[in-house]
2 protein chains.
Amino acid sequence: MTEVSRRKLLIGAATVSAVAAAGPMLATSSASATGAAAGKQAPGFYRYKVGEFELTQIADGARTFPMPDGFVKNVDKVLALAAAEAAYMPKGQVTVPFNPVIVNTGSKLVLIDTGYGPGIAPSVGLLLVNMAAAGIDPKAIDIVVLSHLHPDHINGVKTADGALAFPNAEIMAPAQDWGFWMSDDNMGKAPNDMMKNYFANTRKILADIAGKVTKYDWGKEVAPGVTALDASGHTPGHTAFAVASGSARILVQSDVTNIPELFLRNPDWHVAFDVDAEKAAQTRHKFYDMAAAEKALIAGFHFSFPSLGHVEKDGGSYRLVPIRWNPVI
Amino acid sequence: MTEVSRRKLLIGAATVSAVAAAGPMLATSSASATGAAAGKQAPGFYRYKVGEFELTQIADGARTFPMPDGFVKNVDKVLALAAAEAAYMPKGQVTVPFNPVIVNTGSKLVLIDTGYGPGIAPSVGLLLVNMAAAGIDPKAIDIVVLSHLHPDHINGVKTADGALAFPNAEIMAPAQDWGFWMSDDNMGKAPNDMMKNYFANTRKILADIAGKVTKYDWGKEVAPGVTALDASGHTPGHTAFAVASGSARILVQSDVTNIPELFLRNPDWHVAFDVDAEKAAQTRHKFYDMAAAEKALIAGFHFSFPSLGHVEKDGGSYRLVPIRWNPVI
């Protein structure tokens, strides 16, 4: 498979041009005063406590690409571009970050979502690199929980040679999403290339390891203290998680919103990747109304690293207040 | 000198209780699933480019302490506490981060401000640790520029044994601040213990190395591409910096505001540490009106790490929009 067709498979036709365009932004620094290591970014991990649990946000990376037509399905592109530019994204472009979470319950090491895996772009697929920086051995992961079966969440379960990236982990997938994406009937009815590619990718990544995958349902613990919550709409089985230890709690929201700069500020905007965008918007309002009322800490897969914050109501909209970085844990 | 009196000397009587109170928050994690390094926070450095220059934000740390009476001089403490709590600080407490900047111009390695140095609290004085993580050798620093002569900006010029932390660097101090803090006449007129301690600390840290200190004036370059800007009020010589390479520019604001959660949202509030609070507030408005108009990137010593963002006008107030973390440079 050529690099281009692999990219196309994984990310969908609509965003192929994005990968190439991101190239020039990744140039290595040339600053070179003696004694200063140049060009290397800090490792992308961030530790914090939730009760007795220790959590680590791990950056899989971020992509900046020209905003494709239809990135926001139900508003004029001019408005979507204006929102991105108002959030200081490069003119005409959009930045999407990807941030899995590791929960150390003391007895189990649980990875929620796996990032893009290898081969997409130099700026993503960094999960294993950043886990290494955090001192977390992939072989030590006990449970991999997938929030839903989109490529940026599942492809990291495999390494470049197709081996399991977390060889000792049970893999857990939402039953509703497994049913949807693995249905040949649904695949036959895929309405566009992006969806066709998503169906094909789910099979490519998960079909040969189906026997290792446990399907989970909402309302139950997928690991000690980690409860699966119905957050459907983005996909039929899209799941958020409540991670609780003692009286402390965090909501791992997965993709309740894609990038907050667009879809939290404008909760009724529909991102291209939603399977049922109307339902996704309803879920968004319900989830953030609840989270704002209880002042819940939220981990957002598509929030900027360290991808943690509180969400507040702002009229009919919402705003994200990122956490303050704690230099010691 | 006892530990308590040293603390008192360095940080002023008003905040002594804070250091002790911060202790319990620094407990090491006990999470212990096999194969996951527990308790260690990611190194606090962040790299980015400004034109051809490579800059690195370096965390010296952060302190969380019970808000002292008079922390905000001109409003009721109830209001100040409410603002802190609205920003998700622990009830009754306030968090203040400290973040120096290193500018690599390609020919010169310039450190702007030095943090608290050793001996204050385990959560601060981390500059050298985080520089090491970033691969920057203290011996390679060519120029140390002090924005003003408060302890959290100057004390890091010395190590625990009193040696120079950056032995090969020229040290540059604002002429106006040097004149103010080194004047015995001014010291004799110090209006409170905090100010007395600041005068004593300036002497303790800088008197024996006065011959190595170059005084700089506003409107001139202190290093190639780094121009000193009059931002007086917080102290008589308080200085911000414009760092420019080609058409790219960043404003290193130093203490134009202390923590933005309180003093950017409420630009007319007076922080306890201001020498001339009215003038500091005028400087604040002037600086942010200009920065907002030109959509300037700003590095803020007391912003949360990585302490970079854009400031926007919000009626008569301002808000900080933190940058998105770039996983690669």
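The values are calculated or read from the model by the stated rules, or taken from the named source; none is laboratory data. Here the structure is a predicted model, which means the values were calculated and not measured. Every residue, glycine among them, receives a Cβ derived from its backbone with ideal geometry; neighbour counts consider all protein chains shown.
Here A:G300 meets the list (1) under 18 Å from A:A231 (Cα atoms); (2) surrounded by fewer than 23 Cβ atoms within 10 Å (Cβ to Cβ); (3) of a type outside the set (F, W, Y) almost entirely, failing just condition (2).
Determine whether A:Y88 is within 14 Å of A:K158 (Cα to Cα) and among the aromatic types (F, W, Y).
no
Among the residues making up the range B:96-106, those that are touching a Gly at 6+ places or on another chain (Cβ under 9 Å) and in a loop (DSSP other than H, G, I, E, B) are B:N99, B:P100, B:T105.
Going through A:I102, A:I141, A:I136 one at a time, which residue ends up being in contact with a Phe, Trp or Tyr (Cβ under 9 Å, 6 or more places away or on another chain) and within 20 Å of A:R249 (Cα to Cα)?
Unique residue meeting the criteria: A:I102.
Results for (1) out of contact with any strand residue (DSSP E or B) (no Cβ under 8 Å at 6 or more places or on another chain); (2) within 18 Å of A:G44 (Cβ to Cβ); (3) of a type in the set (V, I, T), shown as yes or no for each residue.
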position	(1), (2), (3)
A:Y116	no, yes, no
A:M131	no, yes, no
A:A134	no, yes, no
A:K139	yes, no, no
A:V144	no, no, yes
A:H148	no, no, no
A:D152	no, yes, no
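Given the criteria farther than 30 Å from B:F98 by Cβ and not polar (S, T, N, Q), does A:H270 qualify? Answer is yes for this residue.
Within the option set A:R47, A:R63, being touching a helix residue (DSSP H, G or I) at 6+ places or on another chain (Cβ under 7 Å), modelled with pLDDT of 95 or more, crowded, with 20+ Cβ neighbours inside 10 Å and of a type in the set (K, R) holds for one residue only, A:R63. Determine, yes or no, whether A:K279 is surrounded by fewer than 15 Cβ atoms within 10 Å (Cβ to Cβ) and either more than 18 Å from the chain's Cα centre (by Cα) or over 23 Å from A:A292 (Cα atoms) (or both). Against the criterion (surrounded by fewer than 15 Cβ atoms within 10 Å (Cβ to Cβ) and either more than 18 Å from the chain's Cα centre (by Cα) or over 23 Å from A:A292 (Cα atoms) (or both)), A:K279 does not qualify. Scanning the range A:83-95 for residues that are assigned to a strand (DSSP E or B) and more than 10 Å from chain B (Cβ to nearest Cβ), we see that the one that is farthest from the chain's Cα centre (by Cα) is A:Q93.
Scanning for something part of a strand (DSSP E or B) and surrounded by fewer than 20 Cβ atoms within 10 Å (Cβ to Cβ), does the range B:147-164 turn up at least one residue?
yes
Within the range B:126-148, is even one residue more than 12 Å from chain A (Cβ to nearest Cβ) and basic (K, R)? No, there is no match, as no residue in the range B:126-148 is more than 12 Å from chain A (Cβ to nearest Cβ) and basic (K, R). Based on what the data block shows, is B:A31 more than 24 Å from the chain's Cα centre (by Cα), at pLDDT below 95 and within 13 Å of A:N326 (Cα to Cα)? Judged against the criteria, B:A31 is not a match. Residues in the range A:107-139 that are assigned to a strand (DSSP E or B) and under 13 Å from the mean Cα position of the chain (by Cα): A:L111, A:I112, A:V124.
For the range A:244-254, does any single residue satisfy the condition of being modelled with pLDDT of 95 or more, within 19 Å of A:Y48 (Cα to Cα), touching a helix residue (DSSP H, G or I) at 6+ places or on another chain (Cβ under 8 Å) and among the small types (G, A, S)? There is at least one residue in the range A:244-254 that is modelled with pLDDT of 95 or more, within 19 Å of A:Y48 (Cα to Cα), touching a helix residue (DSSP H, G or I) at 6+ places or on another chain (Cβ under 8 Å) and among the small types (G, A, S). Among the residues of this structure, B:P68 counts as one that is in contact with a helix residue (DSSP H, G or I) (Cβ under 7 Å, 6 or more places away or on another chain) and either within 14 Å of A:R324 (Cβ to Cβ) or modelled with pLDDT of 60 or more (or both).
Please verify whether B:P43 is touching a residue at least 40 places away in the same chain (Cβ under 8 Å), closer than 23 Å to B:D255 by Cβ and under 19 Å from the mean Cα position of the chain (by Cα), treating the condition exactly as stated. Judged against the criteria, B:P43 is not a match. Do the conditions hold for B:M172, that is, is it at pLDDT 95 or above and either surrounded by fewer than 16 Cβ atoms within 10 Å (Cβ to Cβ) or within 15 Å of B:T214 (Cα to Cα) (or both)? Judged against the criteria, B:M172 is a match. Among the conditions (1) in contact with a helix residue (DSSP H, G or I) (Cβ under 6 Å, 6 or more places away or on another chain); (2) of a type in the set (A, V, I, L, M); (3) assigned to a helix (DSSP H, G or I); (4) in contact (Cβ under 8 Å) with a residue 40 or more places away in the chain, A:M187 misses just one, which is (4). Only residues that are out of contact with any Lys or Arg (no Cβ under 7 Å at 6 or more places or on another chain), touching a residue at least 24 places away in the same chain (Cβ under 8 Å) and in a loop (DSSP other than H, G, I, E, B): list them for the range A:198-225, please. Of everything in the range A:198-225, those that are out of contact with any Lys or Arg (no Cβ under 7 Å at 6 or more places or on another chain), touching a residue at least 24 places away in the same chain (Cβ under 8 Å) and in a loop (DSSP other than H, G, I, E, B) turn out to be A:D217, A:W218, A:G225. Of all residues in the range A:280-316, which are of a type in the set (D, E) and within 11 Å of another protein chain (Cβ to nearest Cβ)? Of everything in the range A:280-316, just one residue is of a type in the set (D, E) and within 11 Å of another protein chain (Cβ to nearest Cβ), namely A:E312.
If you filter the range B:51-65 down to residues that are more than 9 Å from chain A (Cβ to nearest Cβ) and touching a Gly at 6+ places or on another chain (Cβ under 9 Å), you find that the one that is nearest to B:I120 (Cα to Cα) is B:I58. Look through the range B:211-269, keep the residues that are among the polar types (S, T, N, Q) and within 14 Å of the chain's Cα centre (by Cα), and return whichever of them is surrounded by the fewest Cβ atoms within 10 Å (Cβ to Cβ). Among those that are among the polar types (S, T, N, Q) and within 14 Å of the chain's Cα centre (by Cα), it is B:N258.
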